[in-house]
Amino acid sequence: MIDVEAFNRGLRELDTLPIENLVKEYLRQGVPAQMILSDGLIGAMGIVGQEFKAKELWVPEILLAARNMHKGIDVLKPVLLREDVPAKSIFVIGTVQGDIHDIGKNIVVIIMEAHGFNVVDLGVNVPTNAFVEAVAKHRPDIVGMSALLTTTMQEMKNVVVAVRNSTGDRAPKLIVGGAPVTQKFADEIGADGYGEDAISGVEVALKLLENSGGGTIS
Ligand code: B1M
C-alpha cells in the first residue's frame with residue numbers, strides 16, 4: 001500500500017517539499033498516520049541506513065535525509081496527536097551523552113504525547129547529571145533513554161545507577177531503546193523496560209505504570 005521507494009527518493013531530495021507533499025498525499029488518501037510513519041518514513045530511513053553502512057552514502061547525505069525525515073514527521077505530528085488523551089503521567093526522555101541521533105527519540109516523544117504523557121524532552125547528548133537534575137525537578141513516573149551507537153548505549157547504565165542513587169525507593173521507572181539496544185542489554189543494566197520501537201516503548205511505559213499503580217510521583 002505504501003510506496004517506500006517514493007519515500008526513499010523523498011529523503012534524498014535537496015528540497016523538503018517532495019517528502020512533505022508525499023506525506024500529505026497519503027494522508028489525503030486516508031492512510032493512517034501511524035502506517036505512513038512506520039512503512040513510509042521509517043522504512044525509507046532503513047534503506048538509507050543500509051546504504052550508509054555499505055559506504056554508498058556519506059554523512060552530508062544522511063544529514064539531508066535526517067532533515068527531510070523531520071519535515072515529514074512535522075506534517076504527521078498534528079494527526080498523530082489527534083487522539084486527545086488527557087495528560088496523566090510525566091515522561092522525561094533524552095539521547096544519552098556522546099550521541100546526537102534524535103530521529104527515533106523524537107518519534108518516541110510524539111507517540112508518548114499522543115498517549116497522554118506529559119513529555120519533558122532533554123534533547124541529545126544529555127549527560128548523566130542532567131538526567132538526575134531533570135528527575136529532581138520534574139519528578140517523572142518514567143525516564144526514557146535513547147542511544148544509536150554501540151559506544152554510547154553504555155552510558156545508559158550510568159544513568160540507571162545515578163537516577164536510582166538519587167531517588168532511592170522513589171525512583172522512576174527507567175526504560176531504554178534505540179537501534180543497538182536489546183531486551184538482554186536492558187536486563188543487564190537493570191533497566192525496568194525496553195522498547196524495540198516507539199509503539200512498544202509506549203506499551204512498556206503503560207504496563208509499568210499499571211503495575212506500579214499509576215499516577216505521578218509526588
Ligand atoms: Co549515524 N550511525 N552516526 N548518523 N546513523 C547509525 C546509528 C549507524 C548504525 C550507521 C551504520 O553504520 N550503519 C552507525 C552506528 C554504528 C554502531 O554504533 N554500531 C552510525 C554512526 C557510526 C554514526 C557516526 C559515528 C558517523 C561518523 O561521524 N563517522 C556519527 C555519530 C554522531 C554522534 O551521535 N556522536 C553519526 C551521525 C549521524 C548523523 C548526524 C549524520 C545522522 C543523525 C541525525 C539525527 O538523528 N538528527 C545519522 C543517522 C541518520 C543514522 C542512521 C542512518 C539512521 C538513524 C535513524 O534515524 N533511524 C543510522 C543507521 C540505522 O539506524 N539504520 C545511523 C530511524 C529511526 C526512526 O530509528 O533511531 O532506531 P531509531 O529509532 C527507533 C527505535 O530504535 C526506537 O523507536 C524508534 C522509532 O521506531 N527507539 C526507542 C529509539 N529510541 C527509543 C527509546 C525508547 C523506546 C524506543 O524508550 C526510551
Residues 40, 72, 49: which one is part of a helix (DSSP H, G or I) and surrounded by fewer than 18 Cβ atoms within 10 Å (Cβ to Cβ)?
49
Let me spell it out: the conditions are (1) of a type in the set (S, T, N, Q); (2) within 15 Å of the ligand (Cβ to nearest atom); (3) in contact (Cβ under 8 Å) with a residue 12 or more places away in the chain, and residue 158 meets all of them except one. Which number is the exception?
(2)
Quick one: what pairs do we get from region 161-182, first residue hydroxyl-bearing (Ser, Thr, Tyr), second not in a helix (DSSP H, G or I), C-beta under 8 Å, 6+ apart or different chains?
182/194
Looking only at region 125-148, how many residues end up being near the ligand (Cβ under 9 Å from one of its atoms) and either over 13 Å from the mean Cα position of the chain (by Cα) or surrounded by fewer than 18 Cβ atoms within 10 Å (Cβ to Cβ) (or both)?
2
When residues of region 53-63 are limited to those that are open to solvent by 90 Å² or more (accessible area, probe 1.4 Å) and farther than 18 Å from residue 14 by Cβ, the one farthest from the ligand (Cβ to nearest atom):
56
Unmet criterion (only one of (1) within 13 Å of the ligand (Cβ to nearest atom); (2) free of Cβ contacts under 8 Å to residues at least 24 places away in the same chain) for residue 30:
(1)
Residues located in region 175-198, provided they are out of contact with any Phe, Trp or Tyr (no Cβ under 9 Å at 6 or more places or on another chain) and either part of a loop (DSSP other than H, G, I, E, B) or open to solvent by less than 60 Å² (accessible area, probe 1.4 Å) (or both):
178, 179, 180, 189, 190, 192, 193, 195, 196, 197, 198
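For region 6-19, what are the residues that are open to solvent by 40 Å² or more (accessible area, probe 1.4 Å), in contact with a helix residue (DSSP H, G or I) (Cβ under 8 Å, 6 or more places away or on another chain) and assigned to a helix (DSSP H, G or I)?
Taking region 6-19 first, the residues open to solvent by 40 Å² or more (accessible area, probe 1.4 Å) are 9, 12-15, 17-18.
Adding the requirement that they be in contact with a helix residue (DSSP H, G or I) (Cβ under 8 Å, 6 or more places away or on another chain) leaves 9, 12-14, 18.
Scanning region 6-19 gives 9, 12, 18.
The values are calculated or read from the model by the stated rules, or taken from the named source; none is laboratory data. Small disclaimer: the values here were computed from a predicted structure and weren't measured. So basically every Cβ, Gly included, is an ideal-geometry build from the backbone, and we count neighbours across all protein chains shown. These area figures cover heavy atoms from the full protein model, side chains too; ligands, DNA and RNA do not enter into them. Shrake-Rupley method; radii C 1.70, N 1.55, O 1.52, S 1.80 Å.
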